[in-house]
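K.L.:
First, the structure itself, so that you have it in front of you.
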Amino acid sequence: MSTPWWKNAVAYQIYPRSFQDSNGDGFGDVRGIISRLDYLADLGVDVLWLSPIYKSPQDDNGYDISDYREIDPLFGTLADVDELIAEAQSRGIRIIMDLVVNHSSDEHEWFIESASSKDNPKADWYYWADAKADGSPPNNWGSFFSGSAWHWHPIREQYFLHLFSKKQPDLNWENPDVRFAVYDMMNWWLDKGIAGFRMDVISFISKQPGLPDGPQNPGEEFGNGYLMSVNGPRMYEFLQEMHREVFAHREGTMTVGEMPGFTPEIALDVTDPAKKMLDMGFHFDHMGVDQSGSKWNRIPFDLVKLKAILGEWQEKLGTTGWNSLYWDNHDQPRVLSRFGNDHEYRVESAKCLATVLHMHRGTPYIYQGEELGMTNYPFKDISEFRDLETLNHHASVKASGGDTNQALAGYQFFGRDNARTPVQWDTTAQAGFSNAEPWIAVNPNYLEINAASQVKDPNSVWAHYKHLVELRHND
Ligand code: ISL
């Protein structure tokens, strides 16, 4: 078998709402991406992963999808996407879409029907359960976005499960109708000419049968629903079925799972081509080296530990499996501010981190702005944050009388909004991102850090990334 194209490729993640605004509404959009394709071709990247642009109430910035076959008007139209695919292709660039099918939006017609009664045709497309005798939720799981993972639905008079926000009900993958509706939609997108998918929290699609309580620490309000829903007993089966129904009869596709709970052992199975699941997956091991307990609790960065983790993944996946390599994405703070020095050694840190990542075996991912050495945002106040994870957490700390100042320090360093500020294109107003006020503020350091100055500077962070991309191609 010939080597798949993605083994010599570099991927670039676009978070569309913060990439480039073309219509002056303060949100990035598909036509904005089209207008920057020459920049991406110049950088040399081979494949673009687009964070979700489907129709969505935008509760979680598009990770809550109400129609998988429509584009949200915020981002454009299906015709714009067709044009993007064609324009990218003419520059030798492929597109992969974000596939968010562990959950949908509560405004998806599937959920609306499912919620309408206990005996409609889609009654068990989601996880529904009666209240306990005292009216409390069916189990002790907490949501990743604060509060219980269960929400009471007044029409159906039952609780539904949501591992993420209450506007992101979990789809019931035990039901084959759900799975085949998803495969059908995936085939529809691939027929349109996209190259594949990044699969959101795909390691959560198989839950522990019976949804048992998770272990609960004394004094904690909720039990650990994560352990009861990650890497469940049917995960391999579902991924293999998906492979058979969607990818087996196609050439040249690419799949990357976002895999909380991924271990090198599981990854070796999942990415072994002979096992026909996924091409690669994102693990989180290296993202935990400066956290302890909760994601907001910072401990000193441990370089030795980081090296050990990266080394272990290289060794254990060996020549059978395949790694996804990343530092930044839309859920992580900027790596430069996190593991590097984002002031006097900003350029050196950015180049060093880039070199380390791109010299590993696997497919490297560049997150928008990483190639410019963009940094965390100097957030001062909770009012500057937009992310529901941060806002929900803040509300729950406040409600329980906790220390909101201490919590703010966590958001300043680890908050996802750090990576979601607009791309800094040039020194004009709003860094060239938009001619309106953006949905989230531009980092004030855009006068110093921007694409326009770096593309013409042979010693810039951008030039360094371009070299690394070239090296990968000449490998
Ligand atoms: O950033 C996190 C919360 O602390 C991660 O745990 C994140 O929620 C997890 O990586 C799953 O992320 C994906 O699914 C979420 C969405 O909010 C993220 O943006 C997405 O990447 C729910 O769809």
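The values are calculated or read from the model by the stated rules, or taken from the named source; none is laboratory data. What you see is a predicted model; the values in this text were computed from it and never measured. Neighbour counts run over all protein chains shown; Cβ positions are idealised from the backbone, glycine included. Remember, those area values only see protein heavy atoms, side chains included, never the ligands or the DNA or RNA. Shrake-Rupley method; radii C 1.70, N 1.55, O 1.52, S 1.80 Å.
K.L.:
Filtering region 147-169 down to residues that are assigned to a loop (DSSP other than H, G, I, E, B) and away from the ligand (no atom under 16 Å from the Cβ), which residue is nearest to His394 (Cα to Cα)?
P.N.:
Taking region 147-169 first, the residues assigned to a loop (DSSP other than H, G, I, E, B) are 147, 149, 154-157, 162-169.
Next, only the ones that are away from the ligand (no atom under 16 Å from the Cβ) stay: 154-157.
Working: Pro154: 27, Ile155: 30, Arg156: 30, Glu157: 29 Å.
Restricting to residues being assigned to a loop (DSSP other than H, G, I, E, B) and away from the ligand (no atom under 16 Å from the Cβ), the top hit is Pro154.
K.L.:
Looking at Gly369, Gly340, Gly362, which is the one that is surrounded by 19 or more Cβ atoms within 10 Å (Cβ to Cβ) and closer than 18 Å to Ile14 by Cβ?
P.N.:
On the way: Gly340 fails: closer than 18 Å to Ile14 by Cβ; Gly362 fails: closer than 18 Å to Ile14 by Cβ.
That would be Gly369, the only listed residue that is surrounded by 19 or more Cβ atoms within 10 Å (Cβ to Cβ) and closer than 18 Å to Ile14 by Cβ.
K.L.:
Looking only at region 59-110, filter to residues that are under 19 Å from Gly196 (Cα atoms) and of a type in the set (S, T, N, Q); which one of those is farthest from the ligand (Cβ to nearest atom)?
P.N.:
Applying the filter and picking the extreme gives Ser90.
K.L.:
Does Ile299 satisfy the criteria of being under 25 Å from His464 (Cβ atoms) and either in contact with an Asp or Glu (Cβ under 9 Å, 6 or more places away or on another chain) or open to solvent by 50 Å² or more (accessible area, probe 1.4 Å) (or both)?
P.N.:
Values: under 25 Å from His464 (Cβ atoms): no; either in contact with an Asp or Glu (Cβ under 9 Å, 6 or more places away or on another chain) or open to solvent by 50 Å² or more (accessible area, probe 1.4 Å) (or both): yes.
No, not satisfied.
K.L.:
While we're on this one: Only one of Gly410, Gly402 is open to solvent by less than 10 Å² (accessible area, probe 1.4 Å) and among the small types (Gly, Ala, Ser); which? Even if it seems obvious, please write down each step before you answer.
P.N.:
On the way: Gly402 fails: open to solvent by less than 10 Å² (accessible area, probe 1.4 Å).
Going through Gly410, Gly402 in turn, the sole match is Gly410.
K.L.:
State whether one or more residues within region 97-108 are touching an Asp or Glu at 6+ places or on another chain (Cβ under 7 Å) and within 20 Å of Ile366 (Cα to Cα).
P.N.:
yes
K.L.:
While we're here: If you scan region 302-317, which residues turn out to be open to solvent by less than 20 Å² (accessible area, probe 1.4 Å) and either modelled with pLDDT under 95 or more than 18 Å from Val256 (Cβ to Cβ) (or both)?
P.N.:
Going through region 302-317, the residues open to solvent by less than 20 Å² (accessible area, probe 1.4 Å) turn out to be 306, 313, 317.
The answer is Leu306, and nothing else.
K.L.:
Sticking with this structure for a sec: Residues being among the small types (Gly, Ala, Ser) and touching a helix residue (DSSP H, G or I) at 6+ places or on another chain (Cβ under 9 Å): count how many of those fall in region 181-232.
P.N.:
Restricting attention to region 181-232, the residues satisfying the condition of being among the small types (Gly, Ala, Ser) are 181, 193, 195-196, 203, 206, 210, 214, 219, 223, 225, 229, 232.
Then keep just the ones that are touching a helix residue (DSSP H, G or I) at 6+ places or on another chain (Cβ under 9 Å); that gives 181, 193, 195-196, 203, 206, 214, 229, 232.
Qualifying residue count for the region: 9.
K.L.:
Okay, moving on. List the number of the failed condition for Phe144; all other conditions in (1) within 27 Å of Gly293 (Cα to Cα); (2) more than 16 Å from the ligand (Cβ to nearest atom) hold.
P.N.:
(2)
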